[in-house]
Amino acid sequence: MEQPSEMVMGFYEFCIQHIQNLRERPKIAKILGEAYTFEQAFWIHVVGMALCTWDDDSEDEIKLSEVFRVYLTIYRNDIVKNMGTEDELLFIKILKDKYDTANKIYENEDSRRVGLHLAQLALGEEVNIIRLVLAELDILSFAPSVFPIPFRLVKDI
């Protein structure tokens, strides 16, 4: 496997930092009784990233497949350590499906329900409503907070 570019490594660091920031908030931990798990923070970040605006004028480009490989690397390093090649391909498909679904929800859903449906996409429907509402706020506030992401996104998959 080829060595990731410096730009992809920077994107990896950005993702890891944001996932850690989601987990390390004492107010959230106090409200929930515990912070988000790493996996919950991971999926909140994935869904939030799907809503982000990318800088179409940037000379630095990143392929959507590279974005998904970064998420695969994070997931494999921090959540499921023993993942076979077949599982990796399935996971990339899951990421693509969540990415596409998040965009469809954001574009087509009733604005009063968008956040809740995005939170359910990230965490599932069997999650405590307080956790869902907090995830909703995190997802909807993420995209504007990093506007625009300083890469030109190339949708290669």
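Key figures
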item	result
Cα pair distances exceeding 23 angstrom across region 49-157, given as percent	36
Computed FRET value (nearest 0.05) for LEU137 with LYS81, which takes r as the C-beta separation and R₀ as 30 Å	0.45
Angle in degrees between helix 114-123 and the longest Cα principal axis of the chain, rounded to the nearest 10	70
Along principal axes, Cα extents of region 102-157, largest first, whole Å	36, 22, 20
Sequence-distant aspartates and glutamates (8 or more away, or on other chains) whose Cα lies within less than 13 Å of LYS104	none
Region 2-118 - Debye-derived log10 I(q)/I(0), Cα point model, q = 0.09 Å⁻¹	-0.28
Magnitude of the charge dipole, the chain, Cβ model with Lys/Arg +1 and Asp/Glu -1, debye to 20	620
The chain - mean residue ellipticity at 222 nm from DSSP helices (-39,500 (n - 2.57) per run, n ≥ 4, rounded to 500)	-21500 deg cm²/dmol
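Rule-based calculations on the coordinates, nothing more; no lab input. This one's a predicted model, so the numbers in the text were calculated from it and none came from an experiment. Neighbour counts run over all protein chains shown; Cβ positions are idealised from the backbone, glycine included.
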